[in-house]
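Any read-out appearing in this document is the output of simple, stated calculations on the displayed coordinates, not a laboratory observation. The structure displayed is predicted, hence computed values, not measured ones. Glycine also receives a Cβ, built like all others from the backbone with ideal geometry; neighbour counts cover every protein chain displayed.
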Amino acid sequence: MKFLIFFIISISIFAKKTYLWQMNKQEINNIIIKTSHKKQFLNKIIKYSWLFTKTPYKLNVLGEGKQKPIYSFKAVDCITYIEMVLALANSSTLNNSISLLQKIRYKDGEIKYKKRNHFTVTQWIPNNEKLGIIENITSKTSKTTKTITKNITINNFNGKFKKFKILKENLPLGKHSLKYIPINYFLKNHDKIHIPSGAIALIIREKNNYPIFTSHLGFIINTGNQKIFRSAVTNRKYKEVRDYRLIPYLRFYKNYFAKKHWGILGITLFLPKELSESK
């Protein structure tokens, strides 16, 4: 009898659904409704970012709803993870979050491949700044910044970027600039730099012939005396949403990417924003 009781208790513990990828739509909707009543917006960002823990990483998992779903809690990549958290934190129901997700992912919320924000710095950021769901806080956070500028032309869309030529007039051509905190300065002075818990960090890298500025992004979470980098990662060991200690993470990849001839310049910071009901 004791063994049976122990077995039943053990099963109930392991059957507990902790993360969103383990839940059905109704269970997720219940969490959204309950969380929507919390007052501190960044606490919602922190909670939802954690609820995606161990969600499998899969590149280009989402699409326009024909061959790929518009949304999914079963797999994410680094940008769709950020999008999902922003949408959930600003919603009162699952349906609300799906509607908002369309506005975050597509220019003017129009669900078309050509209208998708494919490029983080040149499309996703300006369109979501316009939406009012993110704010660039790089200069507010650090007095020491630098600016990277690229004049992107059609010639930048060759090799692995050739497929994007289908966007035609929607290609983000022209001059684009972005401020960042230099990586060496940040690593040396991170204890003096106050970053709000729940802020979004973009890792800025430099390769002149690429039409992109960044290769990865995630949330910075303050826990006690250290900063955590929470993101959807893919490497030899893990392919999932997980936490790393920010400073060791940046130090490792600073050295790793330097050997790849596409080094880290620094980080750019954005603050998630709570949308007004009119949005």
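Here is the P(r) of the stretch 203-279: all C-alpha pair distances, binned every 10 Å from 0, give 16, 43, 29, 10, 2 in whole percents. Considering the zone a paramagnetic label at Glu206 would reach in this model (a point 7 Å from Cα along the Cα-to-Cβ line), which residues of the stretch 115-156 have amide N under 14 Å from it? Answer for the stretch 115-156: 145-151.
Taking R0 as 22 Å, what FRET efficiency do you get between Asn158 and Ile111 from their Cβ-Cβ distance, rounded to the nearest 0.05?
Values: r = 28 Å, r/R0 = 1.28.
My answer for the efficiency is 0.20.
Against the chain, whose longest principal axis is taken from its Cα atoms, helix 25-35 shows a tilt of about 80°.
Expressed as a rounded percentage, what relative contact order does the stretch 15-272 have, with Cα pairs under 8 Å and six or more residues apart?
Working: 432 pairs, mean separation 51.6, N = 258.
Relative contact order of the stretch 15-272: 20 percent.
Computed FRET efficiency, Cβ-Cβ of Thr144 and Lys54, R0 35 Å: what is it to the nearest 0.05? In this case the efficiency is close to 0.45. Between Gln40 and Met23, the distance separating the two model label sites (each 7 Å from Cα on the Cα→Cβ line) works out to 2.0 nm. What separates the Cα centres of the stretch 171-187 and the stretch 118-169 is a distance of 9 Å. When a/c reaches 1.5 or more, the comparison of a/b and b/c decides; with that in mind, is the stretch 34-152 rounded, prolate or oblate per its Cα gyration tensor? Note, shape of the stretch 34-152 comes out oblate. In the chain, the DSSP-assigned H stretches of four residues or longer account for a calculated mean residue ellipticity at 222 nm of -9500 deg cm²/dmol, using -39500 (n - 2.57) per stretch and the full residue count as denominator.
For the stretch 80-85, 3J(HN,Hα) computed residue by residue from phi via the Karplus equation (6.51, -1.76, 1.60; θ = phi - 60°) reads 5, 4, 4, 4, 5, 5 Hz, glycine and proline entered as x. Size descriptors for the stretch 15-272 (Cα atoms only): Rg and Dmax, in that order, 18.0, 53 Å. Measuring between their Cα centroids, the stretch 83-104 and the stretch 228-255 lie 26 Å from each other.
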